[in-house]
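Q: Sharing a structure here in structure tokens format.
The values are calculated or read from the model by the stated rules, or taken from the named source; none is laboratory data. For clarity, every value in this text was computed on a predicted model and none was experimentally measured. When we count neighbours, we look across all protein chains shown, and the Cβ atoms used for this are built from the backbone with ideal geometry, even at glycine.
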Amino acid sequence: MADVPRLLLARAFLERLHELPRRPWEVGGWLLGYWTEDRAAIVVTHGTPPAVRGTAFGITISGKGHRRRFDEAWACSNGHVTFIGDWHTHPGGPATPSATDHRAMRQLAADRDYGTLEPLIAIASVPRLDHTRSVEVAFYLRRTDGHVLELKATPFEDLPAEARTVPEWPWPRRRRPRRRRPAEVDGRRLSKFHSASTCWKSAIDTALSLRACLQGGAGVCLLRSDSGSGVSR
Ligand SMILES: [Zn+2]
């Protein structure tokens, strides 16, 4: 078997996978980049954004929505950035290839039109709905002898010159839930209800204090706005 190639990965693409919206259905796209001439390394420069919604258990990644992006990347990079495989999500599932994924890799390898004798696939394990758990991405390469290897990716920051001309495509991004700051009184966190009831209590205290003050008739009457109640004479 030939030496295991290194996998170099554009960090921008990896970040897009990490930022995908948490959804209970699979999405996917094409992996674009190139093999180095000596076939010692695979360089993933781009991925095409998801085009259609799959099901909870699968996604068909056809040319629809991806072919156009590929053409753009290929033309802009003078044929340098090309098709090397595809990526998809496993919502709530592990980042390991299913039987369907193995079959898809076999098909990619067999179909000469793809030009991928050794296809690479990326699987992103994405939480189904959870907003806190992170995404895990794994890469698998199918060798010409049919073995499937997991490759560890080394991310890189700056795209090679040939790939920099590929336009930025819009990717769906997860919406982070806005966290409300809980009300704090004397450093204690209070629930909304507690906070509101404290407010009312202050208002009543203030009214009672004011009445006591007026009935007293004499002296200086001060209502302290910071605590909302209290009288000093
Ligand atoms: Zn899969």
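Q: Give just the number: which of (1) more than 16 Å from the ligand (Cβ to nearest atom); (2) among the small types (Gly, Ala, Ser); (3) farther than 24 Å from ARG164 by Cβ does SER77 not satisfy?
A: Result: SER77 fails condition (3) only.
Q: Next question, about the same structure. Being in a helix (DSSP H, G or I) and either surrounded by fewer than 12 Cβ atoms within 10 Å (Cβ to Cβ) or of a type outside the set (Phe, Trp, Tyr) (or both) is the filter here; which residues of the range 71-96 pass it?
A: Once the filter is applied, which keeps residues that are in a helix (DSSP H, G or I) and either surrounded by fewer than 12 Cβ atoms within 10 Å (Cβ to Cβ) or of a type outside the set (Phe, Trp, Tyr) (or both), the range 71-96 yields ASP71, GLU72, ALA73, ALA75, CYS76.
Q: I'd like the full set of residues that are away from the ligand (no atom under 16 Å from the Cβ) and either outside any loop (DSSP other than H, G, I, E, B) or touching a residue at least 60 places away in the same chain (Cβ under 8 Å) (or both), limited to the range 97-117.
A: ALA109, ALA110, ARG112, ASP113, TYR114
Q: Could you check how many residues of the range 123-163 are among the small types (Gly, Ala, Ser), in contact (Cβ under 8 Å) with a residue 40 or more places away in the chain and either outside any loop (DSSP other than H, G, I, E, B) or not assigned by TED's automatic domain parsing to the domain that holds TRP74 (or both)?
A: Total satisfying the criteria: 4.
Q: Need pairs with beta-carbon distance below 6 Å; first residue of a type in the set (A, V, I, L, M) and within the range 82-94, second more than 10 Å from the ligand (Cβ to nearest atom) and assigned to a strand (DSSP E or B); sequence gap 6+ or separate chains.
A: Taking only residues 6 or more apart or on different chains, the pairs are ILE84/LEU31; ILE84/GLY33; ILE84/LEU120.
Q: Conditions first: (1) modelled with pLDDT under 95; (2) more than 13 Å from the ligand (Cβ to nearest atom). GLY58 passes all but one, so which condition is the exception?
A: Status for GLY58: all satisfied but (2).
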